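S.K.: Pasting a structure below so you can have a look.
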Amino acid sequence: MTEDKLDLIGLSLKEISETLINKDLIQAKEKFRSKQLWHWLYFRGETDFDKMTTVSKDLRKKLKDHFIIQRPKVKSHQISKDGTQKWLLELNDGNLIETVFIPEENRGTLCVSSQVGCTLNCKFCFTGTQKLVRNLTSGEIISQLLLAKDNLSDWPNGKDRKISNIVFMGMGEPLYNYENVKNAAEIMGDKEGIQLSTKRITLSTSGIVPEIIKWGNEVDSRLAISLHATNDELRNDIVPINKKFPLKELIKACREYPRSKNSKRITFEYVMLKGVNDTAQDARKLVKLISGIPAKINLIPFNPWPNSPYECSSKEDIKKFSDIIKNAGYASPVRKTRGQDIMAACGQLKSSSIKIRKSELRANG
C-alpha cells in the first residue's frame, strides 16, 4: 500500500475481478476487463497503466486513481564470473531479501525467497544466522520474479525466455509461509499470465511434515526435501526442525506424498560436509532410508560463508558417495557450484550486501 493505493501484484485473477467490481470500476458482467489487466501485469510485465492500450482510457484513469504496480527497490546487483546474478532487494518497510538467477545452457533458474530471515537455524546455512523477521506477502514473492524478468528483458518483446524454472530455495522456510507461497506459485503457473510450467516450479522444505501432504494435494509443483542426514542424532544438530518432525515422520510423509510418481520424483537435497555426513556408510544408509520412494538425490558441495563451522567434502569422497547412490538405482547429480564469488550459492544468502574476499572464502573451506 502506498498513499492508500492497493498494489495489484500478488492478487489472484479472482481477487482482481472482485476488487474492481467492489470499487465499481467494472460491472460483474465485465470480468474480461480483469483478464485484460492480468495479461498486462503478468504476460507483458507492464507497470504503467497508460501503456495498457487494450484497456479503455476511462478504466486506465480509474486504475491509476486506485492502484499501483510496484517492484522492490534494488539495493545492489552483483554478477558472478560464471554469469549467476544476485539482487539485494529492499521492501516497502525497509527489510531486505535476496534473489538469485542461475543461467545454464538449456534453462535459467530463479531462486526466490519466502521470508525475511529464517527460523530454522540450519547450521550449514548462512540464512540461518539471521533471525526471522517476517513472512513475505504473495506480492513480495512474485515481485522477485517480475523484477528479474525486467532486468533480464524476459518479457514477450525480448529474446527467448531466460527464466524457465523457479525454485523456492532462497531465504526462509516456504511451508511456514504456506498461503502466500501457494498464491505466488499459482500466479507463476497461470496459463494466461507468466505461463511457467508447473513441472518447472520446485518447493524446497526442511521437513514441515503436516504441510507437505497438504501442499501435494493443493499445489501442482515439484517437491524437494532438505535432508542432509540419515539419522536423527545428526539431523537434530544440523537441521534442528528434525526435533519437531523426526526422520521417521518426514520419510512417511514423502512416501504418502500425492505427486511422488516418476514424472514428479521427490528430490532429496544432501549437503556434503567433510567428516560429518559424507562416508560410504552414510551413502548406504541414505539409500536404505528412501528405498521405494520415486526420487533423485542432489548432492550439494558445501559453500563456505564467514565463520562457517564446516568444510566441503573432497571431490573424491563426493564421487564415492554419488557412485554408491547411482549403483542403487537413483540419479545422484552433484550440483555445480554457482555464484560463490558473490555469495549467491546454495546456503550463502543473507539480507545484507556482504563483500567477501576470496582469501576469506578459502579460509572457510
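S.K.: Could you tell me which chymotrypsin sites (Phe, Trp or Tyr not before Pro) in region 1-84 are loop residues by DSSP with no more than 11 other beta carbons within 10 angstrom of their beta carbon?
M.R.: Numbers: sites: PHE32, TRP38, TRP40, TYR42, PHE43, PHE49, PHE67; in loops: none.
Within region 1-84, no chymotrypsin sites (Phe, Trp or Tyr not before Pro) qualify (loop, at most 11 other Cβ atoms within 10 Å).
S.K.: Follow-up. Could you pull out every residue, at least 5 positions away or on a different chain, whose amide H is within less than 5 Å of the one on SER204? Hs are placed 1.01 Å off N in the peptide plane, and Pro or chain starts have none.
M.R.: Counting only residues 5 or more places away or on other chains, the set is PHE168, ALA224.
S.K.: In the structure shown, do any of LYS199/LYS243; LYS162/LYS320; LYS296/LYS336 have a Cα-Cα gap over 24 Å, and if so which?
M.R.: On the way: LYS199/LYS243 31 Å; LYS162/LYS320 35 Å; LYS296/LYS336 16 Å.
Exceeds cut-off: LYS199/LYS243; LYS162/LYS320.
S.K.: Can I ask one more? Within region 265-296, report the trypsin sites (Lys or Arg not before Pro) that DSSP leaves as loop and that have at most 12 other Cβ atoms within 10 Å.
M.R.: Working: sites: ARG265, LYS274, ARG284, LYS285, LYS288, LYS296; in loops: ARG265, LYS274.
Answer in residue order: no site qualifies.
S.K.: HN-Hα J couplings of region 70-82 from phi, Karplus 6.51/-1.76/1.60, θ = phi - 60°, integer Hz, Gly and Pro as x?
M.R.: 9, 10, x, 7, 7, 7, 7, 9, 10, 10, 6, 5, 9
S.K.: Using the crude model of +1 on Lys and Arg Cβ and -1 on Asp and Glu Cβ, and no other charge, please compute the dipole size for region 6-68 relative to its Cα centre, in debye to 20. Let's see the in-between values first.
M.R.: Details: 13 positive and 10 negative charges, 48 e Å.
So the magnitude is around 220 debye.
S.K.: Contour minus end-to-end for LYS320 and LYS51, with contour as 0.36 nm per residue of separation and end-to-end as the Cα-Cα distance? Mind dumping the intermediate values first?
M.R.: On the way: separation 269, 0.36 × 269 = 96.84 nm, distance 5.72 nm.
Going from the current span to full extension adds 91.1 nm.
S.K.: If you add up the charges near THR137, with Lys and Arg at +1 and Asp and Glu at -1, over every other residue whose beta carbon is less than 14 angstrom from its beta carbon, what do you get? Mind dumping the intermediate values first?
M.R.: Numbers: positive: ARG71, ARG134, LYS182; negative: ASP7, GLU15, ASP93, GLU140, GLU179.
Net charge in that neighbourhood comes out at -2.
S.K.: According to a simple spin-label model (label point 7 Å from Cα along Cα-to-Cβ), what is the distance in nm between ARG134 and ASP237?
M.R.: With each label point 7 Å from Cα toward Cβ, the separation is 3.7 nm.
S.K.: If each of LYS288 and GLN36 carries a label point 7 Å out from its Cα toward its Cβ, how far apart are those two points in nm?
M.R.: 6.6 nm
S.K.: Let me ask you something else. Using the basic label-point model (7 angstrom from Cα toward the beta carbon), what is the GLN195 to LYS5 distance in nanometres?
M.R.: Computed distance between label sites GLN195 and LYS5 equals 2.9 nm.
S.K.: Rounded to the nearest 5, what % of DSSP beta bridges with both residues in the chain are antiparallel?
M.R.: Working: 20 of 44 bridges.
Of those bridges, close to 45 percent are antiparallel.
S.K.: About the Cα centre, and with charges only on the beta carbon of Lys, Arg (+1) and Asp, Glu (-1), how big is the dipole of the chain? Nearest 20 debye, please.
M.R.: On the way: 60 positive and 44 negative charges, 173 e Å.
Around 840 debye, computed over the chain.
S.K.: State the volume of the convex hull built on the alpha-carbon positions of region 6-68, expressed per residue in Å³ and rounded to an integer. Each step should come with its number before you reach the end.
M.R.: Details: hull volume 4.8 nm³, N = 63.
Dividing the Cα hull volume of region 6-68 by its residues yields 76 Å³.
S.K.: Just to confirm the filter: which GluC sites (Glu not before Pro) across region 1-46 are DSSP coil and have at most 10 other Cβ within 10 angstrom of their Cβ?
M.R.: On the way: sites: GLU3, GLU15, GLU18, GLU30, GLU46; in loops: GLU3, GLU46.
Loop-located and lightly packed - GLU3.
S.K.: Moving to a separate point now. Given only helices, namely DSSP H runs of n ≥ 4 each adding -39500 (n - 2.57), what is the per-residue ellipticity at 222 nm of the chain, to the nearest 500 deg cm²/dmol?
M.R.: Numbers: 11 runs with 109 residues, N = 365.
Result for the chain: -8500 deg cm²/dmol, rounded to the nearest 500.
S.K.: Count charges around VAL167 for me, please; just the other residues with Cβ under 10 Å from its Cβ, Lys/Arg as +1, Asp/Glu as -1. Walk me through the numbers before you get to the answer.
M.R.: Numbers: positive: ARG200, ARG222; negative: none.
In short, +2.
S.K.: Running Debye on region 1-138 with equal point scatterers at the Cα sites and no solvent, what base-10 log of I(q)/I(0) appears at q = 0.22 Å⁻¹?
M.R.: -1.30
S.K.: Between ASN121 and ASN95, what length in nm is gained on full extension when 0.36 nm per residue of separation is reduced by their alpha carbon distance? Could you put the intermediate results ahead of the total?
M.R.: Values: separation 26, 0.36 × 26 = 9.36 nm, distance 1.93 nm.
Gain on extension, ASN121 to ASN95, equals 7.4 nm.
S.K.: Farthest toward the dipole's positive end in the chain, which of ILE318, THR198, CYS254, given Cβ charges of +1 (Lys, Arg) and -1 (Asp, Glu) about the Cα centre?
M.R.: ILE318
S.K.: By how many degrees, 0 to 90 and rounded to 10, does the Cα axis of helix 247-256 deviate from the longest principal axis of the chain?
M.R.: Helix 247-256 and the main axis of the chain meet at about 50 degrees.
S.K.: Along each principal axis of its Cα atoms, how long is region 73-363 end to end? Whole angstroms, biggest number first, please.
M.R.: Principal-axis extents of region 73-363 (Cα, largest first): 51, 47, 36 Å.
S.K.: Note the angle between two axes, namely the Cα long axis of helix 209-218 and the longest principal axis of the Cα atoms of the chain, as a number of degrees from 0 to 90, rounded to the nearest 10.
M.R.: 50 degrees
S.K.: Give the average over all directions of the projected area of the C-alpha convex hull of region 132-205, one decimal, in nm².
M.R.: Values: hull surface 20.2 nm².
About 5.0 nm², averaged over all directions.
S.K.: With 10 angstrom as the radius, rank ILE97, ILE300 by how many other C-beta atoms surround their C-beta, starting from the fewest. Write down the numbers at each step before the final one.
M.R.: On the way: ILE97 29, ILE300 23.
Fewest to most other Cβ atoms nearby, the residues stand as ILE300, ILE97.
No value in this document is a laboratory result; all are computed from the given coordinates. All values derive from a computational prediction rather than experimental measurement. Backbone-built Cβ (ideal geometry, glycine too); neighbour counts: all protein chains shown.
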